Structure formats: C-alpha cells, structure tokens
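Beneath this line is the structure, given in structure tokens, with notes to follow.
The values are calculated or read from the model by the stated rules, or taken from the named source; none is laboratory data. For clarity, every value in this text was computed on a predicted model and none was experimentally measured. No Cβ is skipped: glycine too gets one built from the backbone with ideal geometry, and neighbour counts run over all protein chains shown. SASA here: full protein model, heavy atoms, side chains in, ligands and nucleic acids out. Shrake-Rupley method; radii C 1.70, N 1.55, O 1.52, S 1.80 Å.
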Amino acid sequence: MTAFVDLAAVSHMYGGGSGTLAVDDLTLSIGRGEFAAVVGPSGCGKSTLMKLATGLQFPFKGTVAVAGKKVSQPVKIAGMAFQAPTLLPWRTTLENLLLPLEIVQPHRSELRRKRKQYVERAENLLASVGLGGQSEKYPWQLSGGMQMRASLCRALIHEPQLLMLDEPFGALDAFTREELWCVIRDLHATRQITVVLVTHDLREAVFLADRIFVMSARPGKIIAERKVELVRPRELEITFQNEFQGIVQELRDHIVKARQ
Amino acid sequence: MNQRLPIMVRLAPWLFTIALLVIWEASVYIFKIPTFFLPPPTAVAKAFYDYWWPIYNNSLFTLSTTLIGFALAVGFGLLLGLVIGWSRTIYAGIYPLMIGFNAIPKVAVVPILVLWFGIGFVPAVLTAFLISFFPIVVNVATGLATIEPELEDVLKALGASKLDIMRKVGIPRSLPYFFGSLKVAITLAFVGSVISESIASNYGIGNLMLQAQAQFQVPLIFAGLVALAIEGIVMYWAMAVLERRMTGWAQRSGFAQG
C-alpha cells in the first residue's frame, strides 16, 4: 500500500525557533482510502498534526507529503471539519455548502456557469447525510447534530480525496454522536476517500478506523499503532463485543502510560 | 415582529412618556418652581409653538451638519476599520493613536477648527465627524478580528486568499457590529455638532439655546432640547430600522425584542 499521507520525522513548534515543541520526531503514513484515527491525551499536538497535513503549517524539521507530493502550500484536495460547525449564520445551509466552491479552483471559475449542477450536488450530499429538504434553512434553525452534518457536507462538497476531522463530535450528545459515526462510516464506504480522524474518544476511533495511532503527551510522537480488523460494515452493536472492548482497553492502557 | 406583542407592551412607551410629563408638570405646580428655573411642559410646548419657525430653521441646520459629519464618519470609519482589521501591523500602529485621539475631549478641538475654518458650518460638521467615527472603526475592526480561526483554516486550506476570507466571511460578519455602531455614532454626532454650534456658530439649535439663555427665555431653551431629542430619536430609529433590515440574521433571538 502506497502512502497517501506521509509524515517523516516531523518536528514542529509554534512561535519560531524558541517555542516549545508541539510534535517531535513524528512519523506516520496513511494509505489511500484508509480510515486512520489519531488518539492521545489532550494537548498532545493532534491539531498540529492536522495543520501540518493540510499545509496550513509547515514543519520545522522533517517532511510532510500528501498524495506523493511534498506539502509546500495548502492542500486543496483536503476537506476539514472541526468540533465547532462554523457555518456562516447569514447563509442558508445550501449557500454554506457552496462556500468552498466559491474558493477552490477549478470550481471557482465555473460556479456561475455550472451553478445548477453544483446545487444538485449539494442537495444530494445533504440527502446522503439525512439532511434532505433542509437546504433553505439557516444554521440556527438546525440542531447541533444537523449543523455538524452540514459542516461535514461542506468539507466534502469539492469532492476532496482526504477528509480531516478534528474532534468533530466532541460537542454532541452521545446518541447524536453515534448516529454521526454511522454517517461518517457510510461516507467513507461509498466515497473511497482517505479519512484522518483526530479524537479523544477511543470507542469512536475503534468503531470507525482501520488503523489507530496513539500519540504521547507534548511534544507529541507516535507511541503505538493498532490495526483494527473488525469486519466492515460495522454496526453499532459491535461496540458491545469483547473484541471491540479489548481494543479499547488496550488503547486506554497506552494513553494512561502516555499521560504519566 | 411587533404584531404579537401584548397590548401593554406596545402602549408602554407612550404611557411612560405621558407619566413623565404629568409628574414634571405636577411637580412644578406643587413645589411652586419658578418658570425661569424649570418651566413646566406646557410652557415648553407654548415656546415651541411661539418660536416654531426659528426652531425649525435651526433644527434643519443642526440636522444637516450632523448628517454630513455622520456620513463622513461612516465612510472614513468603515474604511479605517477594514484596514485595521486587515493587517495586524497597521492595527498595532494605529490603535494607540486612535485611543489617544479618542481621549481628547472634542470641545477642546473646536477652537482649533474655528482657527482653520472660521465659525459656523464647517467646524460643526467636523466636530460631529470627529466624535462619531471612533465607535464605527472599533466595531468594524472587532467584527473582523473575531472570525473563528477554524473557519479561517477551512478556507485557507482550500487556497483562499486574505481577500477571499475578508469578502466571504470578514465583511458580512462585521456588518452587525457596523450597523450596531451606527446607532451610537449618530447620537454622538449630534453631541458634536451641538457643542460646536454653542461655541462657534450663528446658526443651529446649539446657538439658539445659547441666545435664549442670554435672554433668559428658559422655556425656549427647553424647547431647543426637545427639538434635539426629537431629531436624535428619529435618527436613532432610522439607524435601528436600517440595522434590522440589513442584518436580520444576527438578531434572531427573541430575548432583546421581548
């Protein structure tokens, strides 16, 4: 399997050469189409990893490559979603979805001509996450879970090959969270995209990912890597099985050690 | 938005105003306050009626200096706010200057303006401008400065330029702040023009009140105040309507309205 996202011996710090290290000697590679999860204690540099992989930050040492190319500018084939849905309150859900297309090339120059086609794409995407018929609503008319779904759609509208999720469900209640796990699971299965999920929820990581990386406390580095070979498609019931819980337990032990 | 309000809530502004006037009138009679000290509302109304022509003319003068000064403040404030929000360096450079400038009481600037431009129209316009642009600048810059960093990341990762982020997010985002600041700014603009008129002008409500004071026509002074209050309320209301029209999305909460 060729690496799609490849970080080699990456060290990074904020605030120039004098700051503290956020990540140190970080090496990981994620295959094309793979679902990877990164877990770790809080403040371990998970978000730095996201910024490095999308080209918002460039490493102080080491190299980052995405899709075989060294990252030297923002990675436009990536879509991102965060814990906060960050939808624009003055735009309807549909208009929020079209925002990335107003920015990223080649869609930007084609938007006026192909608007109808793009609107259709947005409507389909909304329907696929269970938001059919909500496109004319404003974000504040949607519940938290619905806003998160819309935010996911915004991350996917330009059909990225890489989806980066930074604790996307942290602010949701447990039931909504599990619903959205299934939404993500299905999006990954149907679209064949590479997903990197940063989370502190171990059950979430085990349920969704093919491979899980455990990061140490700051400065972050990978201290363990665990393949999850639970058969797909996975249903929520597997979270109660022994094998599932065994993996969660194992990851937990790593994290407990990492915090010491 | 108003049609569902209970009748008492809708009548409340009128009832409270009438109550204030009645209490005022009654106090003047009960405590036998002389008219040259505090005229009752009826005397003020009579002065308003007797002198309606000079009041009307001078009100128009004050209104025009205020509005021109305010318009300058809106243009300049918007521009400066955008520039400050755009660049951290410019922000760091200008902000202390702005604070220092804002700290100067504008009354103290009027003599200089008179020195440069003579008395009358121009100093009144400029004082209105100087006093009212600061809140506009600060509010526009605040709107720009409070863009969520996550959203900025999402857009930057798509290759958005700074101009893109400003156009798509920054400017729409700062509009509620901007329109909100107009309500403060228009009120301040009246303060500025009236200050300048009372110091250095032959026209305007400020000047009218000064002359009335010199002639001891106390009800006329109060009539001038009422004229200013009416102008201020009308302009404030106009700004509030504009704000609601332009940025209805930001005022979805029933809290402030209810």
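Among the numbered conditions (1) within 14 Å of chain B (Cβ to nearest Cβ); (2) at pLDDT 90 or above; (3) farther than 20 Å from B:GLU150 by Cβ, the only one that A:LEU162 does not meet is (3). When each of A:LYS46, A:LYS69, A:LYS76 is tested for being among the basic types (Lys, Arg) and closer than 20 Å to A:ARG211 by Cα, the lone residue that passes is A:LYS46. Screening the stretch B:142-166 for residues that are more than 7 Å from chain A (Cβ to nearest Cβ) and not in a helix (DSSP H, G or I) and picking the one that is farthest from A:GLU95 (Cα to Cα) gives B:THR146.
On the phi < 0 side of the Ramachandran plot and open to solvent by less than 20 Å² (accessible area, probe 1.4 Å): is that true of A:PHE240 in this structure? Judged against the criteria, A:PHE240 is not a match. For A:GLY33, state whether it is under 17 Å from the mean Cα position of the chain (by Cα) and more than 14 Å from chain B (Cβ to nearest Cβ). Criteria met by A:GLY33. The set of residues in the stretch A:36-66 being farther than 14 Å from A:MET164 by Cα, within 14 Å of chain B (Cβ to nearest Cβ) and of a type in the set (A, V, I, L, M, F, W, C) consists of A:PHE58, A:VAL64. In the set (1) assigned to a helix (DSSP H, G or I); (2) under 21 Å from B:TRP249 (Cβ atoms); (3) at pLDDT below 90; (4) away from every other protein chain (no Cβ under 13 Å), the condition left unmet by A:MET146 is number (3). Of all the numbered requirements in (1) modelled with pLDDT of 90 or more; (2) of a type in the set (Gly, Ala, Ser); (3) more than 17 Å from A:LEU28 (Cβ to Cβ), A:ALA174 misses one, and that requirement is (1).
For the stretch A:93-106, filtering for residues that are facing chain B (nearest Cβ under 10 Å), open to solvent by less than 30 Å² (accessible area, probe 1.4 Å) and farther than 14 Å from B:LEU151 by Cβ leaves 2. Do we have any residue at all in the stretch B:83-105 that's modelled with pLDDT under 90, open to solvent by less than 10 Å² (accessible area, probe 1.4 Å) and either of a type in the set (A, V, I, L, M) or closer than 30 Å to A:GLN73 by Cα (or both)? Yes, because at least one residue in the stretch B:83-105 is modelled with pLDDT under 90, open to solvent by less than 10 Å² (accessible area, probe 1.4 Å) and either of a type in the set (A, V, I, L, M) or closer than 30 Å to A:GLN73 by Cα (or both). Looking across the stretch B:189-219, the residues that are assigned to a helix (DSSP H, G or I) and surrounded by 24 or more Cβ atoms within 10 Å (Cβ to Cβ) come down to B:ALA189, B:PHE190, B:GLY192, B:SER193, B:VAL194, B:SER196, B:GLU197, B:GLY204, B:ILE205, B:GLY206, B:ASN207, B:LEU208. Of everything listed in (1) in contact (Cβ under 8 Å) with a residue 40 or more places away in the chain; (2) of a type in the set (A, V, I, L, M); (3) within 14 Å of chain A (Cβ to nearest Cβ); (4) open to solvent by less than 20 Å² (accessible area, probe 1.4 Å), the single unmet condition for B:VAL169 is (1). May I ask you to list the residues in the stretch B:145-166 that are open to solvent by 30 Å² or more (accessible area, probe 1.4 Å), aliphatic (A, V, I, L, M) and more than 27 Å from the chain's Cα centre (by Cα)? Listed by number, the list holds a single entry, B:LEU163. Under the condition of being open to solvent by 50 Å² or more (accessible area, probe 1.4 Å), modelled with pLDDT under 90 and more than 12 Å from A:PHE35 (Cβ to Cβ), the residues counted in the stretch A:191-218 number 2.
Looking across A:GLU110, A:GLU123, one residue alone is on the phi < 0 side of the Ramachandran plot, at pLDDT 90 or above, more than 11 Å from chain B (Cβ to nearest Cβ) and open to solvent by 40 Å² or more (accessible area, probe 1.4 Å). It is A:GLU123. Can you name every residue in the stretch B:32-52 that is in a helix (DSSP H, G or I) and crowded, with 16+ Cβ neighbours inside 10 Å? Answer for the stretch B:32-52, where residues must be in a helix (DSSP H, G or I) and crowded, with 16+ Cβ neighbours inside 10 Å: B:PRO41, B:ALA43, B:VAL44, B:ALA45, B:ALA47, B:PHE48.
In a residue-by-residue description of the stretch A:151-165, the property of being free of Cβ contacts under 8 Å to residues at least 60 places away in the same chain, within 30 Å of A:ASP6 (Cα to Cα) and open to solvent by 30 Å² or more (accessible area, probe 1.4 Å) applies to at least one position. Checking every residue in the stretch A:76-83 against the condition of being of a type in the set (A, V, I, L, M), more than 9 Å from chain B (Cβ to nearest Cβ) and either within 19 Å of the chain's Cα centre (by Cα) or open to solvent by less than 50 Å² (accessible area, probe 1.4 Å) (or both) gives at least one match.
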